[in-house]
């Protein structure tokens with residue numbers, strides 16, 4: 001078969017799994033660029049994010065989802081689960097990502113969700129480099145798939161890109177035939193304004209304590225492009241006055257550090273100079289306030 005006679009494929013692929021299994025790291029590895037923010041903390045991803053991979057034989061629209069988690073204490077948690085549950089219905093292929101050779105209750109919840117779909121389901125066992133006994137992988141996969149009909153199993157180290165090319169080839173084989181729906185140079189449907197907010201939130205999660213990042217949201221108030229520089233003004237919203245002090249730090253040092261790191265990340269992603277200003281404001285219990293969630297972009 002000649003290259004000209006190979007049918008072109010296009011489809012949507014949902015990356016789904018419980019929190020902190022490496023879905024966003026996998027998406028970034030596939031795209032070869034930073035789209036989804038990544039931290040060691042669960043529930044880093046709060047939105048559905050589309051990442052577009054274009055190759056000669058196919059275009060794949062990957063959908064990164066918030067981690068499906070048990071419990072819905074706040075409106076934000078319920079919204080994240082709602083997004084995670086909706087996405088599988090839109091996908092042509094489902095990629096269920098789990099962390100190492102361990103099947104947890106939340107992994108089973110994900111399986112029960114995707115088992116209702118009639119599209120191919122692939123199991124990705126990520127972070128296999130952290131396993132002391134690699135011989136346990138195959139028996140583990142056999143046990144998981146004995147009563148769960150996944151179309152294939154892949155073992156990955158997403159942060160290094162190990163196993164990603166083979167996974168991509170497998171995904172393409174399951175996609176329906178069709179023309180590309182996005183331009184060759186497009187890699188997401190998200191705006192730079194959205195990406196800027198996410199890069200600030202990433203630094204909040206990386207640099208602050210275990211509890212505070214979940215009480216923080218970022219809103220872009222100003223995004224101005226000029227020929228020489230992009231000027232961005234962002235507000236970090238927290239839920240209590242005491243949290244405001246933590247974000248700002250002594251003499252403003254912590255906020256300055258967060259801003260400097262976020263600005264450098266933006267310059268790498270946007271490939272141009274950025275001037276970033278940050279402010280910190282309090283909105284009581286915003287994570288359980290439906291109106292606030294809508295204002296901060298969590299209503300999709």
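Give the residues of region 256-279 that are over 19 Å from residue 210 (Cβ atoms) and over 22 Å from the mean Cα position of the chain (by Cα), sorted by residue number. Within region 256-279, 256, 260, 272, 273, 274, 275, 276, 277, 278, 279 qualify.
Each residue in region 41-62 was checked for being closer than 20 Å to residue 125 by Cα and surrounded by fewer than 22 Cβ atoms within 10 Å (Cβ to Cβ), and 3 of them qualify.
Scanning region 256-282 for residues that are under 21 Å from residue 239 (Cα atoms), surrounded by 15 or more Cβ atoms within 10 Å (Cβ to Cβ) and either in contact with a helix residue (DSSP H, G or I) (Cβ under 6 Å, 6 or more places away or on another chain) or not assigned by TED's automatic domain parsing to the domain that holds residue 198 (or both) yields 258, 278, 280.
For region 128-167, filtering for residues that are farther than 24 Å from residue 108 by Cα and touching a strand residue (DSSP E or B) at 6+ places or on another chain (Cβ under 8 Å) leaves 1. Any chance region 149-170 includes a residue that's farther than 30 Å from residue 8 by Cβ, free of Cβ contacts under 8 Å to residues at least 60 places away in the same chain, in a helix (DSSP H, G or I) and out of contact with any helix residue (DSSP H, G or I) (no Cβ under 8 Å at 6 or more places or on another chain)? No, every residue in region 149-170 fails to be farther than 30 Å from residue 8 by Cβ, free of Cβ contacts under 8 Å to residues at least 60 places away in the same chain, in a helix (DSSP H, G or I) and out of contact with any helix residue (DSSP H, G or I) (no Cβ under 8 Å at 6 or more places or on another chain).
Each residue in region 204-228 was checked for being over 15 Å from the mean Cα position of the chain (by Cα) and surrounded by 12 or more Cβ atoms within 10 Å (Cβ to Cβ), and 15 of them qualify. Considering region 230-271, and only residues there that are without any contact (Cβ under 8 Å) to a residue 40 or more places away in the chain and not in a helix (DSSP H, G or I), the residue that is nearest to residue 289 (Cα to Cα) turns out to be 249. Per the listing 38, 83, 87, 95, the residue uniquely in contact (Cβ under 8 Å) with a residue 12 or more places away in the chain and crowded, with 23+ Cβ neighbours inside 10 Å is 95. Quick one: what pairs do we get from region 176-202, first residue closer than 13 Å to residue 276 by Cβ, second surrounded by fewer than 15 Cβ atoms within 10 Å (Cβ to Cβ) and at pLDDT 95 or above, C-beta under 9 Å, 6+ apart or different chains? Filtered contacts from region 176-202: no entries. When 180, 158 are screened for being over 22 Å from the mean Cα position of the chain (by Cα) and buried (at least 16 other Cβ atoms within 10 Å of the Cβ), only 180 passes. When residue 138 is tested against (1) surrounded by 15 or more Cβ atoms within 10 Å (Cβ to Cβ); (2) assigned by TED's automatic domain parsing to the domain that holds residue 35; (3) assigned to a helix (DSSP H, G or I), just one condition goes unmet, and that condition is (1). When region 187-203 is filtered for residues that are surrounded by 15 or more Cβ atoms within 10 Å (Cβ to Cβ), part of a loop (DSSP other than H, G, I, E, B) and out of contact with any helix residue (DSSP H, G or I) (no Cβ under 7 Å at 6 or more places or on another chain), only 190 remains.
The values are calculated or read from the model by the stated rules, or taken from the named source; none is laboratory data. All values reported here derive from a predicted model rather than from experimental measurement. So basically every Cβ, Gly included, is an ideal-geometry build from the backbone, and we count neighbours across all protein chains shown.
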